[in-house]
Structures are given as structure tokens and as C-alpha cells.
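The values are calculated or read from the model by the stated rules, or taken from the named source; none is laboratory data. Computed from a prediction, not measured in an experiment: that's the story for all the values here. Cβ coordinates were reconstructed from backbone atoms using ideal geometry, including for glycine residues, and neighbour counts include every protein chain displayed. These area figures cover heavy atoms from the full protein model, side chains too; ligands, DNA and RNA do not enter into them. Shrake-Rupley method; radii C 1.70, N 1.55, O 1.52, S 1.80 Å.
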Amino acid sequence: MSISPTEPPVVYGDESANSGQNLLDPHQPVFTVAGVHLPDDLAASIVDEVRGQLPRNLREPKYTSLAGSSGGRKALMNAFARLPEGSVRTYLVHKRFMVMTKMVDVIVEPMAHRDGYNLYEGKETLALANMLHLAGGSWGMRTPTTGCSRRS
């Protein structure tokens, strides 16, 4: 893949279909985002090829539109096959874990900072979020693996 090192890259990204701000949705526990970095001419060629497979009433190629037909699925597979190695990046976040990191960032860290502790310096914020996420059930919180409270 030949991309100019002097020009800032144009990266296209999109999130998966998701339940928005409902971070505790049991039907969608993971948030996914993906980005594609391609030369303009290759990106245009791939999009034009996929658009050619869409019914004329659809303006934008969307996965849900394409996945519903065998022609659309074939267009997706052809598009994926044309992507150069290393051009796609994905990132997944467990929503319950993200809630714990936000709680630590918004509630715990400011209090520690006022008392003179830098919880970011030694990654204590991450350690605390991990502890809350994984051991929360022992404190009556729903656990990430069972979705149930473990109260004595």
C-alpha cells in the first residue's frame, strides 16, 4: 500500500450497530469501532464496485442493506478481499468495563487528586477499574461473566 508520508491520512471509521448510550444493554455488551486507511483511488474503486451491487433506491452502502441479499454478501466479500493487509483496524470495548473506567475517572480520581495522589502515574486507575469490573460481584454488583448479583 503506497500512501504519501507527507500528507495527513484520511481515515474512515464507523461503529457497529449499537444501543447508543445504553451501556448496560445485556443484548449488546460490546462496542466495536473499525477504521480503514486506503489510498483515495483504491477506496473509490471499492466503494463504486459495492454501490453497483445496491438497489437504485439505496444511496449509501450499509452493511445491513448488503448482508440481506446474496448479491450484497458477494459484494462485501469482494470488497474485503481487495483490502490491503494492515489497512483495517478494529477496537472492541466491553461496555461494563467502560462504565467502571468512567466511574473511576469521574468519581475516584478527582478525590485522589485533591488528596495529592496521581492515580494515572502508576496506572492505578486501570487497576481499580479492572478490580471493580472483575470482582464487583462480591460487592453486590452484577458480574461481567454471569450478569447476576452475587449477594450473600
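A full extension of the chain between Leu126 and Val33 corresponds to an added length of 31.4 nm, given 0.36 nm per residue minus the alpha carbon distance.
Taken one residue at a time, the phi angles of segment 28-42 give Karplus couplings (6.51, -1.76, 1.60, θ = phi - 60°) of 9, x, 10, 9, 10, 10, 9, x, 10, 10, 9, x, 3, 5, 5 Hz. Gly and Pro are set to x.
Compactness check for segment 25-145: Cα Rg over 2.2 N^0.38 Å is 1.59.
Of the residues His94, His113, ranked by 1.4 Å probe accessible area with the largest first, the sequence reads His113, His94. Of the three principal axes defined by the Cα atoms of segment 30-100, the extents in descending order read 45, 27, 19 Å.
Residues in segment 70-81 carry Karplus couplings, in order, of 5, x, x, 5, 5, 4, 4, 5, 5, 5, 4, 5 Hz; the curve used is 6.51 cos²θ - 1.76 cosθ + 1.60 with θ = phi - 60°, and Gly or Pro positions show x.
Working from label points 7 Å from Cα in the Cα-to-Cβ sense, the Met77 to Leu92 distance is 2.3 nm. Using a probe of 1.4 Å, the accessible surface attributed to Lys102 totals some 100 Å² when neighbouring protein chains are kept in position.
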